[in-house]
Amino acid sequence: MTLQPDRLLVVDDNKVNRMLLVRSLEQQGHHVAAAVNGREALDLLRADPFDLVLLDIEMPEMDGYQVLSAMKQDLKLRHIPVIMVTSVEEIESAIRCIEMGAEDYLPKPFNPVLLRARLNASLEKKHLRDKEQLYLKSLERELEIGREIQASFLPTSLPQAPGWEIAASLKSAKEVAGDFYDAFYIEPERKICFVIADVCDKGVGAALFMTLFRSLLRFTISAADVFGERSPDATVKYAITLTNNYIASTHGETGMFATIFVGMLDTATGILHYVNAGHESPLIVNSSGVSRSLDRTGPAAGIIAGVEFEVQEIQIRPGELLFAYTDGASDALNSSDEPFGRNRLAALLKNSAPAEMLLYEVSIQLESHIAEADQFDDITLVAIRRAG
Amino acid sequence: MAAPVIDRAVFDNLKEMMGADYIVELVNAFLEEAPTLIAQLRPALEAKDADTFRRAAHSVKSNASTFGATNLFEQARELEFMARENRLGEVGNRIEILEETYRRAAGVLKDLCA
């Protein structure tokens, strides 16, 4: 690595002092600029990047305290280390400056050895911080790329069959999520497959497995037809079984798994074939409230290869609504650590509201519950409504 | 024995650090600035402007210490303290003494640079 010379700024109204410092610093290999007063110093600092400032306290107009205070209030300047240049009698002033955020002080007349030592200590800290900032920025960039790619794993639009409304939302707790939903046509204008799933854990690890689960499910459902599985119940079973077996046998040692609800809906009849692999029970809501809950028909996927998943069949009748969610919604904590709760979630469900509106209202309620607390898990909601 | 006008050890050390050419520039800068600073003392005293008085004395003191001008340093420091402690009434003829000390220091510095 080649070391760039550091850019230093000397601020002193006294010409001799300024010349002395500039010369000494240049002799030590630094690039040095000089300002004759506080105002000029701030102008230079705002115009160009500097690695360190050597600041005199006693200056007319704007003294060292004022420059230091202005720098500490400026987000772009507050991290530039400042070494106060003071006479030995001004030790009290130097202490005050260090309390205000100055990095160190250098007594006048200064000694080149001391100057070098104090400078190097401050610059080393500055360089470490710069590196840390660069690293954080590149990390943020990576996560942003991850977030964008992951967003492309969610459907860009949801199928809208005549007489049906489908709405979905996902709010991740971190940059990338372990939750996902999916919905796509199996048979044009008629059969829709939909999925809601929650990969254990959160963040990057969960996000990687989310893409795997999502792709496996989509692929196996789409491929079922090719391999001769045409009936909806066989297709659902085939997809969840293959996905479960693949993850459990290939990635078993990672201990990653997902709770999945996968359903195949015939929009002509309202018949739904589904497997609930360890997921929060979706609810069917009619005009008098929650009428049924679609409970588990098998364990979470990805843990045990060869396990059986049972397919259930129900009918969503005209005027009924299916509401599915991940536990990030029911378990959302407020600042007193109280969960939102399944009952409260169920009480919000009205089959009369348009699906999109219902999700919006539930999201608003969840947001106001979480309020100032940290959202600790991804929240995914899916609503499917059959016109009455 | 009276203190020398310029402490040669301090001056030679500075010369060694800065180089023979640069010390000339430094001395010239001092000879250029110091009279202006000293000239601020009397008006500041008359205007009871302790702040300007203190800052001017402070700058002279600081440069005097750089060049090893021991007497000039002591006298400027005394004036700075008087201003800081709001005792400008005690200044008396100290400005005249300081001016004379400066003239002598300036003369020796010029000789040293010749």
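Test residue A:31 against the criterion of being closer than 24 Å to residue B:66 by Cα, more than 12 Å from every other protein chain (Cβ to nearest Cβ), of a type outside the set (Asp, Glu) and open to solvent by 40 Å² or more (accessible area, probe 1.4 Å), and give yes or no. It is true that residue A:31 is closer than 24 Å to residue B:66 by Cα, more than 12 Å from every other protein chain (Cβ to nearest Cβ), of a type outside the set (Asp, Glu) and open to solvent by 40 Å² or more (accessible area, probe 1.4 Å). When the residues of region B:1-16 are filtered to those that are in a loop (DSSP other than H, G, I, E, B) and at pLDDT 90 or above, which remaining residue is farthest from residue A:20 (Cα to Cα)? Taking the candidates together, the pick is B:5. Residues that are assigned to a loop (DSSP other than H, G, I, E, B) and either touching a His at 6+ places or on another chain (Cβ under 6 Å) or open to solvent by 20 Å² or more (accessible area, probe 1.4 Å) (or both) within region A:298-318 comprise A:299, A:303, A:304, A:305, A:306, A:307, A:308, A:310, A:311, A:317, A:318, listed in sequence order. Is it fair to say residue A:311 is modelled with pLDDT of 95 or more, in contact with a helix residue (DSSP H, G or I) (Cβ under 7 Å, 6 or more places away or on another chain) and farther than 14 Å from residue A:199 by Cα? Judged against the criteria, residue A:311 is a match. Of the residues making up region B:17-38, one or more are under 20 Å from residue A:18 (Cβ atoms), touching a Pro at 6+ places or on another chain (Cβ under 9 Å), within 13 Å of chain A (Cβ to nearest Cβ) and assigned to a helix (DSSP H, G or I). Do the conditions hold for residue A:356, that is, is it in a helix (DSSP H, G or I) and among the acidic types (Asp, Glu)? When the stated conditions are applied, residue A:356 passes them. For residue A:73, the criteria (1) touching a residue at least 40 places away in the same chain (Cβ under 8 Å); (2) open to solvent by 10 Å² or more (accessible area, probe 1.4 Å) hold in every case but one, which is (1). Within region B:71-99, the set of residues being in a helix (DSSP H, G or I), open to solvent by 50 Å² or more (accessible area, probe 1.4 Å) and within 13 Å of another protein chain (Cβ to nearest Cβ) comprises B:74, B:77, B:78, B:81, B:84.
Pick out the one residue from A:83, A:91 that is within 30 Å of residue B:18 (Cβ to Cβ) and in contact with an Asp or Glu (Cβ under 8 Å, 6 or more places away or on another chain). Answer to the check: A:83.
Checking A:116, A:129 one by one, the residue that is among the basic types (Lys, Arg), open to solvent by 50 Å² or more (accessible area, probe 1.4 Å) and under 33 Å from the mean Cα position of the chain (by Cα) is A:129 and no other. Could you tell me whether any residue of region A:362-372 is open to solvent by less than 40 Å² (accessible area, probe 1.4 Å), closer than 17 Å to residue A:168 by Cβ and modelled with pLDDT under 90? Within region A:362-372 (the criterion being open to solvent by less than 40 Å² (accessible area, probe 1.4 Å), closer than 17 Å to residue A:168 by Cβ and modelled with pLDDT under 90), the answer is no, since none of the residues qualifies.
Total residues in region A:188-244 satisfying the condition of being within 31 Å of the chain's Cα centre (by Cα) and charged (D, E, K, R): the figure is 5. There is no residue in region A:167-179 that is open to solvent by 30 Å² or more (accessible area, probe 1.4 Å), over 27 Å from residue A:329 (Cβ atoms) and either among the acidic types (Asp, Glu) or modelled with pLDDT of 90 or more (or both). Comparison of A:293, A:335, A:288 shows that the only residue that is of a type in the set (S, T, N, Q), in contact with a Ser or Thr (Cβ under 6 Å, 6 or more places away or on another chain) and surrounded by fewer than 16 Cβ atoms within 10 Å (Cβ to Cβ) is A:293.
Based on this model, can you work out whether residue A:43 counts as within 45 Å of the chain's Cα centre (by Cα), touching a residue at least 60 places away in the same chain (Cβ under 8 Å) and away from chain B (no Cβ under 12 Å)?
For residue A:43, the condition - within 45 Å of the chain's Cα centre (by Cα), touching a residue at least 60 places away in the same chain (Cβ under 8 Å) and away from chain B (no Cβ under 12 Å) - is not met.
Filtering region A:18-37 to residues that are of a type outside the set (A, V, I, L, M, F, W, C), touching a strand residue (DSSP E or B) at 6+ places or on another chain (Cβ under 7 Å) and part of a helix (DSSP H, G or I) leaves A:18, A:26. The sole residue among B:66, B:52 that is surrounded by 13 or more Cβ atoms within 10 Å (Cβ to Cβ), touching a Pro at 6+ places or on another chain (Cβ under 6 Å) and within 10 Å of another protein chain (Cβ to nearest Cβ) is B:66.
Would you mind telling me which numbered condition in (1) within 14 Å of chain B (Cβ to nearest Cβ); (2) open to solvent by less than 10 Å² (accessible area, probe 1.4 Å); (3) more than 26 Å from residue B:36 (Cβ to Cβ) residue A:90 fails? Of the numbered conditions (1) within 14 Å of chain B (Cβ to nearest Cβ); (2) open to solvent by less than 10 Å² (accessible area, probe 1.4 Å); (3) more than 26 Å from residue B:36 (Cβ to Cβ), the odd one out for residue A:90 is (3).
The values are calculated or read from the model by the stated rules, or taken from the named source; none is laboratory data. It should be emphasised that the depicted structure is a prediction, and the values quoted were computed from it without experimental measurement. Cβ atoms come from the backbone with ideal geometry, glycine included; neighbour counts cover every protein chain shown. Ligands, DNA and RNA are excluded from the accessible area calculation, which covers all protein heavy atoms including side chains. Shrake-Rupley method; radii C 1.70, N 1.55, O 1.52, S 1.80 Å.
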